[in-house]
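A quick write-up on the structure given underneath.
The values are calculated or read from the model by the stated rules, or taken from the named source; none is laboratory data. Owing to the predicted nature of the structure, the values given are computational and were not obtained by experimental measurement. Using ideal geometry, Cβ is built from the backbone for each residue, glycine included, and neighbour counts are taken over all protein chains shown. Surface areas here come from the heavy atoms of the whole protein model, side chains and all, with no ligands, DNA or RNA. Shrake-Rupley method; radii C 1.70, N 1.55, O 1.52, S 1.80 Å.
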Amino acid sequence: MGTQKVLWDAIVMGAGIQGCFTAYHLAKHGKRVLLLEQFFLPHSRGSSHGQSRIIRKAYPEDFYTKMMDEGYRIWAQLEQETGTQLHRQTQLLLLALKENPELKTMQATLSRHGIEHEYLSSGELKQRFPNIQFTRGEVGLLDKSGGVLYADKALRVLQEAIRHLGGTVQDGEKVVEIRPGQPVTVKTTSGSYQAKSVIITAGPWTNQLLRPLGIELPLQTLRINVCYWREKVPGSYSVSKAFPCFLCLDLAPHHIYGLPAGEYPGLMKVCYHHGNSVDPEERDCPTAFSDIQDVQILCRFVRDHLPGLRPEPDIMEHCMYTNTPDKNFILDRHPKYDNIVIGAGFSGHGFKLSPVVGKILYELSMKLTPSYDLTPFRISRFSGLGKAHL
């Protein structure tokens, strides 16, 4: 569209799920919003592609469980508005040893919030889930609200909804400069724009945009292997057989999670919630040694615990996590320019929370009182990022 003399209420940079929900909330409130994306849509370079994500209320942190309450409501509202099914309830099975502190905290959080759940002893687990093998007397916690989100479908309908609400989505347009001021000037590969406020939801590219603005956030970009495993008997781990999503808390240094067979018929998604550091521009680089180690951890897990799956991955895709040191998000204004808002560090667990994150970023950009206590998400929690870093 090139250079325009329009004054936008807000420009959102990055059309992953967080940027899309931010633009959606802005457009829904009648704001003139421009959503910019450096790649052509749809693309698989960031953190929001692929067909499925887990949705759950079970969290050790109280504040995420609270946010998910509204998260479920907005997901349902979007389904209604667009006439598209975006979510399927499967339940989420949390697996751990009996004394695991994280499991105990999650159980306490679910109880406190009155969320339907069920504790399963190791005997009950074996009875209920005969196609999972338990080797160390694991116990289970079933979060009845758990399920699968249809990720790529959600992105598609959100982008359509933004346009339908009067917003503008422009892809294949990379931001090359943000010039602070009232208004902010944004230069891209194809033009120049002005806006009262900008929201940066650029995932692994966040620091590239922030460095010239005098701030660098402690973000680490990880490349994650997304692995799919073939069922020996098709359908045995499928949604139709009422197989749940699962999350193993203590069988490896990091969580292992799985989603029932669905997106690729006969294949179940089982992944390791960790990866190795990578430059986002070189994410398709040859496999690193630690990549191979991660897949070996999964192969052993599948062999020992999911005997109905072939113990080596059938398909391997990649995804990016942008992690903060404490794995909590960054939802804040730039310390120096209060009309530059930052949403970053979703640490591989932000997709389900994006309807609420988008609402918070909309509120910050419009200088409204945030609906949630943002203490856990402030930039100032990272020591050494004080004024000296500006």
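Scanning region 73-125 for residues that are outside any loop (DSSP other than H, G, I, E, B) and closer than 13 Å to Val139 by Cα yields a count of 16.
Count of region 202-251 residues, restricted to those that are in a loop (DSSP other than H, G, I, E, B), over 30 Å from Thr90 (Cα atoms) and of a type outside the set (A, V, I, L, M), is 3. Considering region 158-187 alone, what residues qualify as being assigned to a helix (DSSP H, G or I) and either charged (D, E, K, R) or crowded, with 16+ Cβ neighbours inside 10 Å (or both)? Hits for region 158-187 are Leu158, Gln159, Glu160, Ala161, Ile162, Arg163. Suppose the filter is hydroxyl-bearing (Ser, Thr, Tyr) and open to solvent by less than 50 Å² (accessible area, probe 1.4 Å); does Ser52 pass it? When the stated conditions are applied, Ser52 passes them. Do the conditions hold for Ala202, that is, is it more than 30 Å from Asp143 (Cα to Cα), open to solvent by 10 Å² or more (accessible area, probe 1.4 Å) and among the hydrophobic types (A, V, I, L, M, F, W, C)? Answer is yes for this residue.
Would you be able to say whether some residue in region 97-109 is out of contact with any Lys or Arg (no Cβ under 6 Å at 6 or more places or on another chain), of a type in the set (Asp, Glu) and closer than 24 Å to Val270 by Cα? Yes, there is a match, as at least one residue in region 97-109 is out of contact with any Lys or Arg (no Cβ under 6 Å at 6 or more places or on another chain), of a type in the set (Asp, Glu) and closer than 24 Å to Val270 by Cα.
Among the criteria (1) touching a residue at least 12 places away in the same chain (Cβ under 8 Å); (2) within 22 Å of Ser238 (Cα to Cα); (3) loosely packed, with under 13 Cβ neighbours inside 10 Å, the one Gln127 does not fulfil is (1). Looking only at residues of region 21-38 that are among the basic types (Lys, Arg) and in a loop (DSSP other than H, G, I, E, B), we find that the one that is surrounded by the fewest Cβ atoms within 10 Å (Cβ to Cβ) is Arg32. Restricting region 55-75 to residues that are among the acidic types (Asp, Glu) and open to solvent by 40 Å² or more (accessible area, probe 1.4 Å), which is nearest to Pro280 (Cα to Cα)? Taking the candidates together, the pick is Glu61.
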